[in-house]
Amino acid sequence: MKVIGISGSVIGSKTRIAVEQILNKLNDEHQEFKTELIDLSDYELVFSDGRDYRDYAGDTKTVLEKIMAADAYIIGTPIFQASIPGTLKNLFDLLPNEGFQNKVVGIVATAGSSKHYLVPEHQLKPILSYMKAVIIQKYVFVEEKSYYQKEIVDDDAVLRLNRLADDLVHGVNVFREIQKAKDSAFPF
């Protein structure tokens, strides 16, 4: 089972740190899950121009192929100007409409203040729903004050991130059972 963690910005480190916390928990406690971090700051993605995702080249092709091959995701987004960053939206635009179909997705959002708590609810969940993702309903929101020297020092934030890792595992297992039941009921 392949889980991709996406850090959806080309600047800063807080989102990456939060996503890594979840991936590390999966690596430590769920060896059946193979994880990989895609930090958008490590790649040069072109702007979406409507092509099929398989027709892109370079970093764009590499990232899209990795994402399409995964079984589950942790999508991390910082909140900038009360919105998700353009780099993350561009990534979604590069993928096909059904890019997350039948795949479980957990969400992590990081922001400077609690004023942006509902941005994932109003912006990210609708996009993922449109792309047919199976969304873990409880996302994790981590404020800037939870970090110190590139570490999450707020025990509650760490607990919530770890719980999201467990929820992702549970969601994948439940969805797998649902798919098996559907496949046996409708074998054609």
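Odds and ends about this structure:
- With kT/(6 pi eta Rh) evaluated at 20 °C and eta = 1.002 mPa s, and Rh the Kirkwood radius from Cα pairs, the range 59-144 diffuses with a coefficient of 163 µm²/s according to Stokes-Einstein.
- Accessible area expressed per residue, the range 11-54, with surrounding protein chains retained (probe 1.4 Å, Å²): 59 Å²
- Taken as Cα centroids, the range 135-188 and the range 41-65 sit 26 Å apart, rounded to the nearest whole angstrom.
- Global geometry of the range 104-188, whether rounded, prolate or oblate, following the gyration tensor of its Cα atoms and the 1.5 cut on a/c: oblate
- Flagged links, alpha-carbon separation over 31 Å, of Lys61/Lys145; Lys89/Lys145; Lys150/Lys180: Lys61/Lys145; Lys150/Lys180
- Taking other residues whose beta carbon is less than 10 angstrom from the beta carbon of Ser7, and scoring Lys, Arg as +1 and Asp, Glu as -1, yields -1.
- Counting only protein heavy atoms and a probe of 1.4 Å, the accessible surface of the range 20-63 is 42% carbon and sulfur.
- The range 1-83 shape via C-alpha gyration tensor axes, a/c threshold 1.5: oblate
- With one equal scatterer per alpha carbon and no solvent term, the Debye-computed log10 I(q)/I(0) for the chain at 0.16 1/Å reads -0.98.
- Calculated mean residue ellipticity at 222 nm for the chain: -13000 deg cm²/dmol, from DSSP H runs with n ≥ 4 weighted as -39500 (n - 2.57), summed, divided by the residue count and rounded to 500.
- Shape of the range 43-95, Cα gyration tensor, a/c cut at 1.5: oblate
- Membrane-span-like helices of the chain, defined as complete DSSP H segments with a Cα extent of 18 Å or more along the helix axis and a mean Kyte hydropathy of at least -0.5, are identified as 155-185.
- To put it simply, the accessible area of the range 105-145 at a 1.4 Å probe is 54 percent carbon and sulfur.
- Per residue value of the accessible surface for the range 121-188 (all protein chains in place, 1.4 Å probe), Å²: 65 Å²
- Computed over protein heavy atoms with a 1.4 angstrom probe, the accessible surface ordering of Thr110, Thr87, largest first, is Thr87, Thr110.
- Counting only DSSP beta bridges with both residues in the chain, the antiparallel share comes to about 10 percent.
- If only the Cβ of Lys and Arg carry +1 and only the Cβ of Asp and Glu carry -1, the dipole of the chain around its Cα centre is close to 380 debye.
The values are calculated or read from the model by the stated rules, or taken from the named source; none is laboratory data. Not measured: the values here are computed from a predicted model. All Cβ positions, glycine included, derive from the backbone under ideal geometry; neighbour counts span all protein chains shown. Each accessible area value is taken on the protein alone, full model and side chains, heavy atoms only, with ligands, DNA and RNA left out. Shrake-Rupley method; radii C 1.70, N 1.55, O 1.52, S 1.80 Å.
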